[in-house]
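Quick note: the coordinates plus some simple rules give every number you see, no bench work behind them. From a predicted model like this one, the values you see are computed outputs, not experimental measurements. Neighbour counts are summed over all protein chains in view; Cβ atoms, including those assigned to glycine, are modelled from backbone coordinates with ideal geometry.
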Amino acid sequence: MKTRADIYGQEASELLREISMYPGMAEEQILRFHPDKEDKIRNLLAYFQRQGRIVLSETGSYFPQGEHLRSADAGLVRAVWVLLDFIDRVEFHSTSDFPVKLLFFSAGEVYEVIYVAAGQEPLIAQALKQCRQGESRRIVLVDDAGQIPLLDFPDISGFCTAGDDGKVCYYKKAEEEYDWTEK
């Protein structure tokens, strides 16, 4: 007879790691980390809530116990939507230091997801111009596509926007022009 640990062991540890790394995720985001295991993950979420290990906020976001008192980092939660677009090819993912929200490894390459809030373009561009070049590919998450022309720093692979509903729109530089078009 299998125990709960036998049935849920790997998913349980992964689930707690994800909620701890990316506090404030919605259930839909959590489920996308575990395709084809939705029922199992919902059971684990309910179990961890009963144990007091995680908390479901009034806004429908999951937090580790004690972290729900602060609000979620909206840029990080939106960066998770970008990560989830690549999750089937991701070998490892984690949060990172300012100005990078998260990073992941895929096909031997490092990708950084950088969130630029409206009005923060000069600060982020200046910070990233100082960084060493060529170490990673940068996906720049913006609030609005109108921010794109204001951002210029090394190793930008592309830009994107992410809605609260999980829809991510990617933008790529048009051929020999300086305007960006939705991909």
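Per residue, the convex hull spanned by the Cα atoms of segment 4-64 amounts to 73 cubic angstrom.
Inter-label distance, residue 40 to residue 59: 3.1 nm, where each label sits 7 Å from its Cα along the C-beta direction.
Assuming 0.36 nm per residue, please report the length gained on full extension of the stretch residue 91 to residue 17 beyond their Cα-Cα distance.
Details: separation 74, 0.36 × 74 = 26.64 nm, distance 1.51 nm.
Extending this stretch completely gives an extra 25.1 nm.
Each residue of segment 158-166 is assigned a 3J(HN,Hα), and the resulting list reads x, 10, 7, 10, 9, x, 4, 7, x Hz, derived from the Karplus form 6.51 cos²θ - 1.76 cosθ + 1.60 (θ = phi - 60°), x at Gly and Pro.
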